[in-house]
Amino acid sequence: MPTLPMNGIDVYYESHGAGAALLLINGLGADFSLLAPLTGELARHRRVVVFDNRGAGRTGKPDQPYSVELMARDTVGLMDALGIARADLLGISMGGRIALELALTHPDRVRRLVLVSTSAAGRGKVHMSLPMRLLWLLHWLPGRHGRYPQPGYAHRRQRDAAVRYDATARLDRIHAPTLILHGRRDRSLPLSMAEQLHAGIAGSQLAVFRGGHMFAFLSQRPAFLARVEEFLTDRPVRGSGATPDDSDPVGT
């Protein structure tokens, strides 16, 4: 089992592919297996590192306060242990805030930043869309916990960290090339929050997709992957299965 000691816990990780490093940073309550539909495609042209955040999956779950800042330090520590001097970051939901914090506190470690279904600040509490609620209810049905269920206390610790975070006033300090991807019908984090993120990060790109908070994992996955690949490689991706209506570039 590949784990590394980090800030008082063991962090579980996996590395796929070869080349320039891309770290995938997961959202609230999720272990790295949620990212499996994305990992294989992204690892075709680079080294992709996926890991479980503090409080999820096979990473340590201490019952003590968490913060986005602490989880960003966990991520930097993992980069150090794996010998990764600089990496592209792709953060989803809470993982987007972890990626933001890492880019703010360690700008020399970030090549490019991809922020998915996220915002610079929490809304005071977690708002779950209908698909997210259904997935959460299915998770807690008997026999559906999976091999590495998240304890309730660990979910609360992650949730509290996510909703307390606020980097709004520091967004002008981010200078890494940034791509923001968001679902037009996101009920957990409304599109206006992604637009605020876009306005705060100079030179950032914002692309809006059909769907809600989980658009990247559902019908928009081919278009999402094509847009990420284009951003990371600076070249169009052919044969992705995406159509012109799959995403709407809002600005640069």
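The values are calculated or read from the model by the stated rules, or taken from the named source; none is laboratory data. Computed from a predicted model, the values in this text were never measured in an experiment. Cβ coordinates were reconstructed from backbone atoms using ideal geometry, including for glycine residues, and neighbour counts include every protein chain displayed.
Does residue 76 satisfy the condition of being crowded, with 23+ Cβ neighbours inside 10 Å and either at negative phi or hydrophobic (A, V, I, L, M, F, W, C) (or both)? Spelling it out, it is not the case that residue 76 is crowded, with 23+ Cβ neighbours inside 10 Å and either at negative phi or hydrophobic (A, V, I, L, M, F, W, C) (or both). For segment 79-90, does any single residue satisfy the condition of being of a type in the set (Gly, Ala, Ser), in contact with a helix residue (DSSP H, G or I) (Cβ under 7 Å, 6 or more places away or on another chain) and buried (at least 18 other Cβ atoms within 10 Å of the Cβ)? Within segment 79-90, one or more residues are of a type in the set (Gly, Ala, Ser), in contact with a helix residue (DSSP H, G or I) (Cβ under 7 Å, 6 or more places away or on another chain) and buried (at least 18 other Cβ atoms within 10 Å of the Cβ). Out of the residues in segment 102-118 that are in contact with a His (Cβ under 9 Å, 6 or more places away or on another chain) and of a type in the set (S, T, N, Q), state the one that is nearest to residue 181 (Cα to Cα). Among them, the one singled out is 117.
Listed here are the residues, each with its yes/no results for (1) of a type outside the set (S, T, N, Q); (2) surrounded by 21 or more Cβ atoms within 10 Å (Cβ to Cβ); (3) under 16 Å from the mean Cα position of the chain (by Cα).
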residue	(1), (2), (3)
4	yes, no, no
15	no, no, no
22	yes, yes, yes
32	yes, yes, yes
35	yes, yes, yes
48	yes, yes, yes
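Go through (1) in contact (Cβ under 8 Å) with a residue 40 or more places away in the chain; (2) farther than 21 Å from residue 223 by Cβ; (3) touching an Asp or Glu at 6+ places or on another chain (Cβ under 6 Å) one by one and return the number of the condition residue 71 breaks. Unmet condition: (3).
Which of the residues that make up segment 169-197 are assigned to a helix (DSSP H, G or I) and in contact with a Leu (Cβ under 9 Å, 6 or more places away or on another chain)?
If the condition is that a residue be assigned to a helix (DSSP H, G or I) and in contact with a Leu (Cβ under 9 Å, 6 or more places away or on another chain), then 170, 171, 173, 194, 195, 196, 197 are the ones that fit.
Taken together, 104, 100 contain a single residue that is in contact with a strand residue (DSSP E or B) (Cβ under 9 Å, 6 or more places away or on another chain) and aliphatic (A, V, I, L, M), which is 100. Inside segment 202-233, residues that are buried (at least 20 other Cβ atoms within 10 Å of the Cβ), of a type outside the set (S, T, N, Q), within 21 Å of residue 166 (Cα to Cα) and free of Cβ contacts under 8 Å to residues at least 60 places away in the same chain make up a count of 1.
Determine which member of the set 75, 59 is within 13 Å of residue 6 (Cβ to Cβ), β-branched (Val, Ile, Thr), at pLDDT 95 or above and touching a helix residue (DSSP H, G or I) at 6+ places or on another chain (Cβ under 6 Å).
On the way: 59 fails: touching a helix residue (DSSP H, G or I) at 6+ places or on another chain (Cβ under 6 Å).
Result: 75 is the single residue among 75, 59 that is within 13 Å of residue 6 (Cβ to Cβ), β-branched (Val, Ile, Thr), at pLDDT 95 or above and touching a helix residue (DSSP H, G or I) at 6+ places or on another chain (Cβ under 6 Å).
Scanning segment 11-49 for residues that are touching a strand residue (DSSP E or B) at 6+ places or on another chain (Cβ under 7 Å) and at positive phi returns 17, 19.
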